[in-house]
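Trainee: My questions will all concern the structure given below.
The values are calculated or read from the model by the stated rules, or taken from the named source; none is laboratory data. Computed from a predicted structure; not experimentally measured. Every residue, glycine as well, gets a Cβ built from its backbone with ideal geometry; the counts of neighbours run over all protein chains shown. Heavy atoms of the whole protein, side chains included, go into the accessibility calculation; ligands, DNA and RNA do not. Shrake-Rupley method; radii C 1.70, N 1.55, O 1.52, S 1.80 Å.
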Amino acid sequence: MNVDGVPYRTIWPAADGRAVEIIDQTRLPHAFVTARLETLADAARAIRDMQVRGAPLIGATAAWGLALAMQADASDAALAAAYETLFATRPTAVNLRWALDDVRARLLPLDAGLRADAARARAAAICDEDAAICEAIGEHGLEFLQAAWDVKQARKQDGPVNILTHCNAGWLATVDWGTALAPIYKAHDAGLPVHVWVDETRPRNQGAGLTAWELGRHGVPHHVIVDNAGGHLMRRGLVDLCITGTDRTTANGDVCNKIGTYLKASAARDNFVPFYVALPSPTIDWTLEKGEDIPIEERDPAEVTTVTGRTADGRIETVTVTPEGSPAVNYGFDVTPYWLVTALITERGVCAAGRDGLARLFPERAAGRPDESTG
Ligand code: MRU
């Protein structure tokens, strides 16, 4: 997508062929800064410290991390160690394991001398595939936005299609296009009037800092709202539909996404607002039956007790918002059960959120799984 007219992806090979470059998302929205990853340690740190984040981009960066590791040492032992280092960075987004498994499986049969080039080629291909997958998600999701617009027109209702989203599932969370935001970009580019309610998404404010930033750069009308405003807006009829991303979706269609997603899905159900989840197929964990089995990341409580922002004179400051001594807990993700999700939007099309819907779109992956009628 474009940043001030310049097309960017979130990760790309450096011109000298020895490193990859990323947009440092810890600096957004106050500064647009790129960073160079030269080593396995750089890649692992970038994921762990959330310079890159979002399930698909975590996977892409992990693939590049293996490539950087192979550049230094392409032995079996180094491959195993690099896999473990990267796998330990963040627990919830399953794209991490997917990408590591994919690259490792291609490298293991090769002589060590061939591994660095092969890893680079596969990491680059994973990035290209992710961009294509997300664009296809955009095309499929556009149908819902078009339908919502048609309904508004038929009912002679004023105003744009109002979409509520949570966290950042835009192009910054992927290699390009995004998942939840891809249909919105497609609609906006096609001239469909859209407006986005952007949940701020405490504690790290991926909505306020990242989603608002990328929507603004693309010229998509939006307002940032506090996390608790969504229910009120829905009751007032100011939300036509919700779209979020997911970090892991289990075989029964349960969706694990940024903490707070479940509450939005619950409010959407109570108000008859469609709740869609956009996901690339590497985000589906076919090895897990249900959302309760997903490991939920617990992060530093300091993310809850503090807030970081820019002062009027341009300094970035972190301030404490809780009383001294009050403990905090910081769960990063929650699970929205499949029955609260109106439909899943994938690169292969749209399906009911549930075992049967996913199996219909991905029969080759679902084959061999126990035949259960629920979900
Ligand atoms: O903790 P983050 O910022 O990595 O969490 C990201 C999300 O929860 C996104 O909504 C999810 O990865 C889907 S993005 C395509």
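Trainee: To the nearest 10 square angstrom, how much accessible area does THR318 have with a 1.4 angstrom probe?
Mentor: THR318 exposes around 90 Å² with every protein chain in place.
Trainee: Loop-only check: which chymotrypsin sites (Phe, Trp or Tyr not before Pro) in region 264-329 are DSSP coil with at most 10 other Cβ within 10 angstrom? All intermediate terms of the calculation are to be shown ahead of the outcome.
Mentor: On the way: sites: PHE272, PHE275, TYR276, TRP286; in loops: PHE272, TRP286.
The qualifying sites are PHE272.
Trainee: What is the spin-label model distance, in nm, from ALA312 to LEU114 if the labels are put 7 Å beyond Cα along the C-beta direction?
Mentor: 6.5
Trainee: Points 7 angstrom from Cα along the Cβ direction at ASN2 and VAL151: gap in nanometres?
Mentor: Inter-label distance under the simple model: 3.2 nm.
Trainee: Could you compute the FRET efficiency for TRP12 and ASP189, with r as their C-beta to C-beta distance and R0 at 22 Å, rounded to 0.05?
Mentor: On the way: r = 22 Å, r/R0 = 1.02.
The value I calculate is 0.45.
Trainee: Now a separate question. Sequence gap at least 6, Cα distance under 8 Å: using those rules, report the relative contact order of the chain to the nearest whole percent.
Mentor: Normalised by residue count, the contact order of the chain is 15 percent.
Trainee: Here's something else I'd like to know. On average, how much accessible surface per residue is there in region 26-142, in Å², for a 1.4 Å probe, leaving out ligands, DNA and RNA? Can you show the working numbers first?
Mentor: Working: 4400 Å² over 117 residues.
Spelled out: the 1.4 Å probe surface of region 26-142, per residue, equals 38 Å².
Trainee: Then there's this: Calculate how steeply helix 261-270 sits against the longest principal axis of the alpha-carbon atoms of the chain, using the helix alpha-carbon long axis, and give the answer as 0 to 90 degrees to the nearest 10.
Mentor: Taking the Cα atoms of the chain, the angle to 261-270 is about 30 degrees.
Trainee: Suppose R0 equals 25 Å. What FRET efficiency, 1/(1 + (r/R0)^6) with r the Cβ-Cβ distance, do PHE272 and ARG360 give to the nearest 0.05?
Mentor: Numbers: r = 25 Å, r/R0 = 1.02.
Plugging the Cβ-Cβ distance into 1/(1 + (r/R0)^6) gives 0.45.
Trainee: Under a point-charge model restricted to the Cβ atoms of Lys and Arg (+1) and Asp and Glu (-1), what is the dipole moment magnitude of region 300-339 relative to its Cα centre, in debye to the nearest 20?
Mentor: Details: 2 positive and 6 negative charges, 22 e Å.
That gives a dipole near 100 debye.
Trainee: Also, quick follow-up: Looking at region 266-369, which GluC sites (Glu not before Pro) are DSSP coil and have at most 11 other C-beta atoms within 10 Å of their C-beta?
Mentor: When the GluC sites (Glu not before Pro) of region 266-369 are filtered for loop state and at most 11 Cβ neighbours within 10 Å, GLU324 remain.
Trainee: Where the only charges are on Cβ atoms (+1 Lys, Arg; -1 Asp, Glu), what is the dipole of the chain about its Cα centre, to the nearest 20 debye?
Mentor: Working: 36 positive and 49 negative charges, 126 e Å.
For this selection, approximately 600 debye.
Trainee: Place +1 on the Cβ of every Lys and Arg and -1 on the Cβ of every Asp and Glu in region 70-208, take the dipole about the Cα centre, and give the residue among PRO91, GLY113, ALA72 whose Cα lies farthest towards its positive end.
Mentor: After comparing all options, I get PRO91.
Trainee: Of VAL329, PHE275, THR249, which is farthest along the charge dipole of region 135-374 in the positive direction, counting Lys and Arg as +1 and Asp and Glu as -1 at C-beta?
Mentor: Of the options given, the answer is PHE275.
Trainee: Which percent of the accessible heavy-atom area of the chain goes to carbon and sulfur, probe 1.4 angstrom? Please report the intermediate quantities before stating the final value.
Mentor: On the way: 8270 of 15640 Å².
So the carbon and sulfur contribution to the accessible surface is 53 percent.
Trainee: Related question: Can you tell me which aspartates and glutamates have their Cα less than 20 Å from the Cα of LYS290? Leave out same-chain residues fewer than eight positions away.
Mentor: Straight-line reach from LYS290, under 20 Å: ASP247, ASP254, GLU298, ASP334, ASP356, GLU364, ASP371, GLU372.
Trainee: Next up: At a Förster radius of 41 Å, what calculated FRET efficiency corresponds to the Cβ-Cβ distance of LEU238 and THR34, to the nearest 0.05? Spell out each step's value before the answer.
Mentor: Working: r = 37 Å, r/R0 = 0.91.
Plugging the Cβ-Cβ distance into 1/(1 + (r/R0)^6) gives 0.65.
Trainee: Something else: Could you name the lysines whose alpha carbon sits less than 30 Å from that of LYS186, not counting residues in the same chain fewer than 8 places away?
Mentor: LYS152, LYS156, LYS258, LYS264
Trainee: Something else: So for the chain, Kirkwood radius off the Cα pairs, Stokes-Einstein at 25 °C and 0.890 mPa s: how many µm² s⁻¹?
Mentor: Details: Rh = 21.1 Å.
It diffuses with D of about 117 µm²/s by this estimate.
Trainee: Please state the relative contact order of region 2-127 as a whole percent: Cα pairs under 8 Å, 6+ residues apart? Intermediate values should be presented prior to the final figure.
Mentor: Values: 174 pairs, mean separation 29.0, N = 126.
Here the relative contact order equals 23 percent.
Trainee: Return the calculated 222 nm mean residue ellipticity for the chain, to the nearest 500 deg cm²/dmol, obtained by summing -39500 (n - 2.57) across DSSP H runs with n ≥ 4 and dividing by the residue count. Walk me through the numbers before you get to the answer.
Mentor: On the way: 12 runs with 141 residues, N = 375.
Only helices count here, giving -11500 deg cm²/dmol.
Trainee: Hey, another quick one. Just subtract the alpha-carbon distance of ARG106 and ASP300 from 0.36 nm times their residue separation and send over the number in nm, one decimal.
Mentor: Details: separation 194, 0.36 × 194 = 69.84 nm, distance 3.56 nm.
Taking ARG106 through ASP300 to full extension adds about 66.3 nm, to one decimal.
Trainee: Dipole magnitude of region 2-127 about its Cα centre, charges +1 at Lys/Arg Cβ and -1 at Asp/Glu Cβ only, in debye to the nearest 20? Spell out each step's value before the answer.
Mentor: On the way: 14 positive and 14 negative charges, 57 e Å.
Here region 2-127 has a charge dipole of around 280 debye.
Trainee: Further, regarding this structure: Among ALA180, PRO295, ILE316, whose Cα projects farthest towards the positive end of the dipole of region 135-374, with charges put on the beta-carbon of Lys, Arg (+1) and Asp, Glu (-1)?
Mentor: Of the listed residues, the answer is ALA180.
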